[in-house]
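Report on one structure; see the data block that follows.
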Amino acid sequence: MKSAVIVFPASNCDRDIAVALEQATGKKPAMVWHGETDLPDADFYALPGGFSYGDYLRAGAMAAKSPILRAVIDKAKSGAPLIGVCNGFQILCETGLLPGVLLRNANLNFVCRTVTLKVENTQSMFTSGYSKGDYVNFPVAHHDGNYFADDETLDRLEGEGRVSLRYVDNPNGSARNIAGLISDGGNVMGLMPHPERVISPLLGGADGAAFFKNIVEAVS
């Protein structure tokens, strides 16, 4: 499986997710600079965490206007698998590939700790290896992770089964404890927690390794 990671100024998790993808696929992903306009042919694309453009204006707002995002959006709309982690989730919302917005954490503090997540949807390629109700532990590290959407949108997301992961102990005030969403087409996922940071017991846990293995098995 070939993969590609988009790299923005001030990304700080691009290499982390590249290591996770190489471990899961056996191949180094292509690293694509934000100023490029063309994407390499790949089976899977990733928007990493970090603080793209220093989080000026709004987290992810400037990255959403990067030249490469036109190609990323086209790929996603054509059905290519795409994941956005943390800042990547913020970018997905800013582009409209996922609904809603990520606001400042409810307590206005930066949150950095491991959280427990409940798997809500197993019908997507990202969570198909889990059973509904499974629990996983991923770290979070964000100041703007408070997911918000209006009640009509939230009801639609719930009704369509698009809430993929939910916080057990909500660290940021996200509406309905939402930690991860999938698109209406099922090929795009955004999540605030970082599975790429727990891919080995040496890193404090391996729940993230299983997450990426699920993706590889579903995409391959």
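The values are calculated or read from the model by the stated rules, or taken from the named source; none is laboratory data. The structure displayed is predicted, hence computed values, not measured ones. Every residue, glycine as well, gets a Cβ built from its backbone with ideal geometry; the counts of neighbours run over all protein chains shown. The protein model used for the area step is the full one, side chains on, heavy atoms only, and it has no ligands, DNA or RNA in it. Shrake-Rupley method; radii C 1.70, N 1.55, O 1.52, S 1.80 Å.
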Inset, instruction - Return the pairs, sorted by first residue and then second, in which the second residue is in a loop (DSSP other than H, G, I, E, B) and open to solvent by 70 Å² or more (accessible area, probe 1.4 Å), the first residue lies in region 32-60 and is among the aliphatic types (A, V, I, L, M), the beta carbons are less than 7 Å apart, and the residues are 6+ apart or on different chains. - result: 42/2
Legend entry - Residue under evaluation residue 112, criteria (1) in contact (Cβ under 8 Å) with a residue 40 or more places away in the chain; (2) in a strand (DSSP E or B), criterion not met: (1)
Inset, instruction - Go through region 65-74 and give me each residue that's under 17 Å from the mean Cα position of the chain (by Cα) and buried (at least 19 other Cβ atoms within 10 Å of the Cβ). - result: 69, 72
Inset, instruction - Output the residues belonging to region 98-131 that are among the hydroxyl-bearing types (Ser, Thr, Tyr) and open to solvent by 40 Å² or more (accessible area, probe 1.4 Å). - result: 114, 116, 128, 131
Inset, instruction - Filter region 15-64 down to the residues that are in a helix (DSSP H, G or I) and of a type in the set (Ser, Thr, Tyr), then identify the one that is least open to solvent (accessible area, probe 1.4 Å). - result: 52
Legend entry - Top-ranked residue of region 67-98 - restricted to ones that are in contact (Cβ under 8 Å) with a residue 60 or more places away in the chain and part of a loop (DSSP other than H, G, I, E, B), ranked as nearest to residue 14 (Cα to Cα): 86
Legend entry - First in region 129-140 and aromatic (Phe, Trp, Tyr), second anywhere and crowded, with 20+ Cβ neighbours inside 10 Å and assigned to a loop (DSSP other than H, G, I, E, B), Cβ under 7 Å, 6 or more apart: 138/193; 138/194; 138/198
